[in-house]
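Read-outs throughout are calculated quantities, based only on the coordinates presented, and are distinct from any laboratory measurement. Because the structure is a prediction, the values reported are computed rather than measured. Please note: Cβ atoms are built from the backbone with ideal geometry, for glycine as well, and neighbour counts cover all protein chains shown.
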Number of protein chains: 4
Amino acid sequence: MIAKRGFASDNNSGVSEEVIAKIIEVNKGHVVGYGGDDYTGKVIELIRQKFGGECWPYLVFTGTGANVLSISAATNSINSVVCAETAHIQEDECGAPEKFSGCKLLSVETEDGKLNPELITKHLVGFDFEHHSQPKLISISQPTEMGTIYTVQEIKNIANLAHKHNMFLHVDGARLANAAVELNLPFEAFTKDAGVDILSFGGTKNGLMSAESVIFFRKELTLSFKYIRKQAMQLASKMRYMAAQFDAYFENDLWKKNASHANKMAGLLYEKVKDIPQIKITQKVEANGVFVILPKEIIEPLRNEYFFYDWNTARNEVRWMCSFDTTEEDIEGFVKKLKDLLNGKIK
Amino acid sequence: MIAKRGFASDNNSGVSEEVIAKIIEVNKGHVVGYGGDDYTGKVIELIRQKFGGECWPYLVFTGTGANVLSISAATNSINSVVCAETAHIQEDECGAPEKFSGCKLLSVETEDGKLNPELITKHLVGFDFEHHSQPKLISISQPTEMGTIYTVQEIKNIANLAHKHNMFLHVDGARLANAAVELNLPFEAFTKDAGVDILSFGGTKNGLMSAESVIFFRKELTLSFKYIRKQAMQLASKMRYMAAQFDAYFENDLWKKNASHANKMAGLLYEKVKDIPQIKITQKVEANGVFVILPKEIIEPLRNEYFFYDWNTARNEVRWMCSFDTTEEDIEGFVKKLKDLLNGKIK
Amino acid sequence: MIAKRGFASDNNSGVSEEVIAKIIEVNKGHVVGYGGDDYTGKVIELIRQKFGGECWPYLVFTGTGANVLSISAATNSINSVVCAETAHIQEDECGAPEKFSGCKLLSVETEDGKLNPELITKHLVGFDFEHHSQPKLISISQPTEMGTIYTVQEIKNIANLAHKHNMFLHVDGARLANAAVELNLPFEAFTKDAGVDILSFGGTKNGLMSAESVIFFRKELTLSFKYIRKQAMQLASKMRYMAAQFDAYFENDLWKKNASHANKMAGLLYEKVKDIPQIKITQKVEANGVFVILPKEIIEPLRNEYFFYDWNTARNEVRWMCSFDTTEEDIEGFVKKLKDLLNGKIK
Amino acid sequence: MIAKRGFASDNNSGVSEEVIAKIIEVNKGHVVGYGGDDYTGKVIELIRQKFGGECWPYLVFTGTGANVLSISAATNSINSVVCAETAHIQEDECGAPEKFSGCKLLSVETEDGKLNPELITKHLVGFDFEHHSQPKLISISQPTEMGTIYTVQEIKNIANLAHKHNMFLHVDGARLANAAVELNLPFEAFTKDAGVDILSFGGTKNGLMSAESVIFFRKELTLSFKYIRKQAMQLASKMRYMAAQFDAYFENDLWKKNASHANKMAGLLYEKVKDIPQIKITQKVEANGVFVILPKEIIEPLRNEYFFYDWNTARNEVRWMCSFDTTEEDIEGFVKKLKDLLNGKIK
């Protein structure tokens, strides 16, 4: 157990109190299972409103589940999926996309975790050639796993490329709220309106307990989806408790409050360390993560007090994630510890 | 939304207050994700104690998940799995077992949902014959989907048959607590000690929110399991909240209190209707379900007030499930309504 | 090696000389691989003509391949396939249909290997219910694995049932030629014209070396099929040699000559043994197989001289298959041996 | 149909006459199907002898089949496979490896199609981390798809790396004979003795009709393989005809005669064009392929007379493959045509 808050991951944090309150609120009486209840119905409608009306949301348990189901809905096993080398679907899902969809994943090296048409185009070959997996889906992460954020125009450019080749664009939005507050745009402006076809919309990393969703912006992709969700073991029986989490998420813009705070804390952390000569920030700080190269010898001592993960051990790069519950005191204590270690005051 | 409690399913009920309390209790500070936290560690140890010590439990989201992962751990795609025609894995998981494990499911007709060595033996053929899926797993449900319960000796007989053929025995225990209170035995007596190799141990249907587990009684089956769970999208990031549910489940024997009550309510319902001449009880009432053939014309009017599901529409058979929160008043109101309909007082 | 011809299987026989001749004929020069050559083009056209013109044939290596690809083209993993318990896809393909398509196979007990609407209907449930695999394909074998043959009307009845439920009808025609000569009808009369949607059309069991095909009677099922065939490892690089086999098959109606002979030999065998009191013929002899219950003690001695396979060891039932190269002398020698064993003259 | 021999692929050529002769030779009488016959038994023994005795060969239909089955035997779906970006399993099998094995393929950019420990090491991360596909297999092609050849030492280095990480080494030897004659070594010297664990050993591209094999050098990898081959639709019923092809292949070293000739023709072609200033040879010519960048405007006119494939259209790179039946006249005619086009004599 971690005695104090660390910077390991936004899923190491707990759950917003508003979420617990809403769970308690729905905990009465009997309701139909598997999402047939009125609570879920209301929340689906709420999500639709937040994403521009014309869309089809489905609740699932995990971000990996949301991504894999998105891929499965848009492809079949003869297809390929183009993604960044750092994408969660490529690096962090233990091959679930290949296992469940049967597709080939084609990854692209990128410095900042972002794809662009030029990088993608390398893999858009072999159409109509039966020996070659048929490219069908482009998947980007917003924010990326490197904490960077696509502009609306960048997303539009990729969407246009996808559609030109009769492909779909998927966004892994496990931390979409963090992008929304940074872009200062409504969700729809950089998803539906930018040409995104399918979205993994996350909540767990931003203060929910276990609630994610797949949102389709094209109805034809949903035709078999209720079966796919069930077959993929992502259909909750007591769905009302998942719905309750999203209900709390949107009530009084909890999502915005949480994400803004996490981003702000990352910004504060960045400000406090950016000029330290012995360390090097490796990515723009646009969301709630800070990527930094540290002197090797201080990594373990620092981690012992404030837990965080390595990102690239070969170059001593680590990742510091801020969360909705990170405090200014956390940052100050952490930066002090860091400086003390760098100055050799402690070890 | 159902205005009042019905008899549709034990997953239409809510969550025990003790469970919510425990969720609130763990909701503080940062802890390692994905089950690396101390809460989860403690609960894993707790489950081990309840199942005789030598076993390996893993938490998952759903009963379908627990079943499919159990199959995947014990087989590979060249194998077959023998089960009852009424098994959840055969009827109610949208083909997830075949999709995820690649196995062939071989089902057996049975009157009461129970398998026995004679029924199973029909499918234990073709060993070492490369054209034939190799039988590797027998899967039974305890209690069955028909609300009947295997004796310890019946389970031992099936386990012996399985082991004689170098196969494994899996138990789908989505409602295992209901069997335990009826048998009046500790869990291990009719699982581990009876020769069961893998168990799906459920909690959601007995007052938890969303918490199930796979428990292995053979260590060699667990070697790749942590990867399988992740790949199957059944690994929770904020695992402490799932652990909290099981913690509450075992504290003060909540599982026993809930299951005893549900069974007792089913027994009460059975007593009150068993002598009504116009209806026919079709299965022994050993757990928390009552299966009954009704006059066709009263099914809809009855359902309109107290929701329940059809079981076999061809013969007007329906299923009434009692839950941890079913009250004597619910039963009385329901039986009164039933009798009034049968007597033509109302329609 | 078997010294003389036996009655084990029609794939224990060799290859018609006309087939070898055609292979030699195409063995010159370079041609495009993977079926892009003119030989294959010609043969595809030939097959189309034999099946009523409007159809889409694809060549594959094996009968299992043809069946699995048929299923994969018509379904996705959320679907179920209804078949007889004796179907090759259920019994003899080591679970390839489940592995490759992800579907659930729902089998039906039948005495003579034939399905009918009443038997099938049991499995046509759960439509639109996300917990249940969605029925999408009915698969029958013509002739059946028991050597029985569907009439045109029987096929039409099943096709109508399938289409009424928005399902497809697949025919496993590994021995379709044997059915055609018995029915004395052109292929199309009991496939395309009877409402069949997909056909596995075999050649290997009737004198070819290794050449089977999938024939679609609905174009919409072919849209991704060239990729599916490649991905399923069923695309031959030197396709001309497979095409040559089918070319020989149709030239001078070799298929008819071979199948007629095999059926005739089975009829002769049947005539010669049907009145022997110690044995019992268990199935109508409509194609090239004879199913018979023998006194247990003569099975091994008889098999030692003329190889054949057990069918149902529990009741001492064996299968005798005749082939295109079975001779009257083979039959006579075999029957003599059988009678001698039954009469105790030898042992 | 191609009127004359071209340079498209070694599978555009026909079949050696010795192969046809052997097929005719085995075409008599009945033999047990599916490889239980004496012909196949003899050929399996023959292959073992050619590969150093202690190995386990299985015959299959296609090179894709051999590769996919090799992967399936050595991995399960939680694993990853490291290969070159140009590998057949990555580029030319329509995703069959992912579909059938469920694994993730991790590809590496390489100039000459060859992997080495440094290139591979990038992907050997995340061991024991459940979020990451577990690296289990390295797959190299010998010769590579670029016509280059690994030395024995290079293979040993990769094998050592694999074994150090508890991984296996697979070789895609679709053209292994072309490597053997170039290396002037017995097969075992650069497979079994160099630490290779599994080999796809091809014949079709070197004068056979349709015969490939998977050869295991570790018995533990074969335990379920007969079922895997059947389930993967790669088990021939009339196996004797596939065995006959390999029998011919080894008799009088037909494999060596064919491969030597093809390599020699590629060498001749190389010699005749290497000094032409307007074109650029892009790869070492070590086997039977020549890779060359041509002026764009002559590609189509040249191809119209002698068929060949593009390799990299972005840089006008094409591939010329020589075959066992390529003649010096073919080369001379081709080079003349090429020069005439370059000199503007024709267009």
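Ranked by Cβ crowding within 10 angstrom, fewest neighbours first, how are D:110, C:151 ordered? If you can, show how the numbers build up before the last one.
Values: D:110 18, C:151 13.
Lowest count first: C:151, D:110.
Kirkwood hydrodynamic radius, computed over distinct alpha-carbon pairs, for segment C:290-345: how many Å, to one decimal? Could the numbers behind the result be given before it?
On the way: mean 1/r = 0.0853 Å⁻¹.
Computed over segment C:290-345, the radius equals 11.7 Å.
Which of the peptides B:129-140, B:270-281, D:221-232, B:73-84 is most tightly packed, and how do the rest follow, judged by the mean count of other Cβ atoms within 10 Å per residue? Before the final figure, lay out the partial values.
Values: B:129-140: 22.8, B:270-281: 14.0, D:221-232: 21.2, B:73-84: 25.1.
By packing density, highest mean first, the sequence is B:73-84, B:129-140, D:221-232, B:270-281.
At a threshold of 8 angstrom on Cα-Cα distance, excluding pairs fewer than six apart, so keeping six or more, what relative contact order does segment A:1-125 reach in percent?
Details: 93 pairs, mean separation 21.4, N = 125.
Relative contact order for segment A:1-125 comes out at 17 percent.
Eigenvalues of the Cα gyration tensor times 5, then square-rooted: what semi-axes does that give for segment A:76-201, in whole angstrom, largest first? Don't jump to the answer; show the numbers that get you there.
Numbers: eigenvalues 109, 49, 32 Å².
With the √(5λ) rule applied to segment A:76-201, the semi-axes are 23, 16, 13 Å.
On the rotation axis linking copies D and A, which residue of D comes nearest by its Cβ, and by how many whole Å?
Here the value is D:98, 2.
Please compute the average number of Cβ atoms from other chains found within 10 Å of each residue's Cβ in peptide A:85-96. Working shown, then result.
Values: counts 1, 0, 0, 1, 1, 3, 6, 7, 8, 21, 17, 11.
Counting Cβ atoms of other protein chains within 10 Å of each residue's Cβ and averaging gives 6.
Please list, ordered by chain and number, the residues whose modelled amide H lies under 5 Å from the amide H of residue C:311; skip anything fewer than 5 residues away on the same chain.
C:317, C:318, C:319
How many percent of Cα pairs in segment A:177-272 exceed 19 Å?
52
Assuming 1.002 mPa s and 20 °C, estimate D for the protein assembly as shown with Stokes-Einstein, Rh taken as the Kirkwood radius over Cα pairs, in µm²/s.
Numbers: Rh = 33.7 Å.
The Stokes-Einstein estimate is 64 µm²/s.
Quick check on chain B: helices-only [θ] at 222 nm, where DSSP H runs of length 4 and up contribute -39,500 (n - 2.57) each and the sum goes over total residues. Nearest 500, please.
Details: 13 runs with 134 residues, N = 347.
One gets -11500 deg cm²/dmol as the mean residue ellipticity at 222 nm.
Kirkwood Rh over Cα pairs of segment B:237-347 into Stokes-Einstein at 4 °C, 1.567 mPa s: D in µm²/s? Let's see the in-between values first.
Values: Rh = 15.4 Å.
Rounded to a whole number, D works out at 84 µm²/s.
Explain nothing, just the number: relative contact order of chain D, from Cα pairs under 8 Å at least 6 residues apart, as a whole percent. Display every interim value, and only then the final one.
Details: 676 pairs, mean separation 81.3, N = 347.
Relative contact order here is 23 percent.
Can you pull the Rg over Rh of chain C, Cα-only, Kirkwood?
Details: Rg = 20.5 Å, Rh = 20.9 Å.
Taking Rh as the inverse mean 1/r over Cα pairs, Rg/Rh reads 0.98.
Could you tell me how far the Cα centroid of segment D:105-183 sits from the Cα centroid of segment C:1-65, in Å?
Answer, in whole Å: 37.
How do the peptides B:301-307, B:321-327 rank, highest first, by the average count of neighbouring beta carbon atoms within 10 Å per residue?
On the way: B:301-307: 16.3, B:321-327: 23.9.
So the peptides B:301-307, B:321-327, ranked by packing, come out B:321-327, B:301-307.
Just to check I understand the Karplus step: with θ = phi - 60° and J = 6.51 cos²θ - 1.76 cosθ + 1.60, what whole-Hz values come out for segment A:247-258, glycine and proline as x?
Going residue by residue, I get 4, 4, 4, 8, 5, 6, 6, 4, 4, 6, 4, 5 Hz, with x marking Gly and Pro.
Treating segment A:247-293 as a set of equal point scatterers at the Cα positions, no solvent, please give the Debye-formula log₁₀ I(q)/I(0) at q = 0.15, 0.20 Å⁻¹.
For segment A:247-293 at q = 0.15, 0.20 Å⁻¹, log10 I(q)/I(0) is -0.46, -0.64.
Can you list the lysines whose alpha carbon sits under 22 Å from that of residue D:22, skipping same-chain ones fewer than 8 residues off?
Filter leaves C:4, C:22, C:28, C:205, C:238, D:42, D:50, D:205, D:238, D:256, D:257.
Provide an ascending nm list, one decimal, of label-point separations from residue B:333 to the equivalent residue in each further copy; define each label point as 7 Å from Cα along Cα→Cβ.
Values, ascending and in nm: 5.1, 8.4, 9.2.
What's the average, rounded to a whole number, of partner chain beta-carbon atoms within 10 Å of each residue's beta-carbon in B:188-201?
On the way: counts 0, 0, 0, 0, 0, 0, 0, 0, 0, 0, 0, 0, 0, 0.
Other-chain Cβ atoms within 10 Å of each residue's Cβ, averaged: 0.
Return the Rg/Rh value of segment A:130-189, two decimal places, where both radii are evaluated on C-alpha atoms and Rh is the Kirkwood radius. Kindly include the intermediate steps, with their values, before the conclusion.
On the way: Rg = 13.1 Å, Rh = 12.4 Å.
Checking Rg against Rh, the ratio lands at 1.05.
Using Cα pairs closer than 8 Å and at least 6 residues apart in sequence, work out the relative contact order for segment A:255-342, in percent.
Numbers: 123 pairs, mean separation 30.5, N = 88.
This gives 35 percent for segment A:255-342.
Based on a Kirkwood Rh over C-alpha pairs, give the Stokes-Einstein translational diffusion coefficient of segment B:7-54 at 37 °C and viscosity 0.692 mPa s in µm²/s.
Working: Rh = 13.2 Å.
In µm²/s, the coefficient is 248.
Shortest first, in nm, what separates the label point of residue D:250 from those of the same position in the other copies (7 Å along Cα→Cβ)?
Distances to the matching label points in the other copies: 3.9, 6.0, 7.0 nm.
Using a cut-off of 15 Å between beta-carbons, work out the net charge of the residues near residue B:266 (Lys and Arg +1, Asp and Glu -1, residue B:266 not included).
Values: positive: B:5, B:175, B:205, B:264, B:272, B:274, B:284, B:319; negative: B:10, B:145, B:182, B:271, B:286, B:325, B:328, B:330, B:332.
That sum, taken over residues with Cβ under 15 Å, equals -1.
Near residue D:294, within a Cβ-to-Cβ distance under 13 Å, what is the net charge of the other residues, with Lys and Arg +1 and Asp and Glu -1?
Neighbourhood net charge equals +3.
When Cβ neighbours within 10 Å are restricted to other protein chains, what is their mean count per residue of peptide B:126-136? Kindly include the intermediate steps, with their values, before the conclusion.
On the way: counts 3, 0, 2, 5, 13, 13, 7, 12, 4, 0, 0.
Mean shielding by partner chains, rounded to a whole number: 5.
Please rank A:68, C:152, fewest neighbouring Cβ atoms within 10 Å first, as an exposure proxy. List each step's numbers first, then the result.
Details: A:68 28, C:152 15.
Fewest to most other Cβ atoms nearby, the residues stand as C:152, A:68.
Say a label goes 7 Å from Cα toward Cβ at residue D:41 in every copy; what distances in nm does this one have to the rest, shortest first?
Label-point separations across copies, in nm and ascending: 4.7, 6.0, 7.1.
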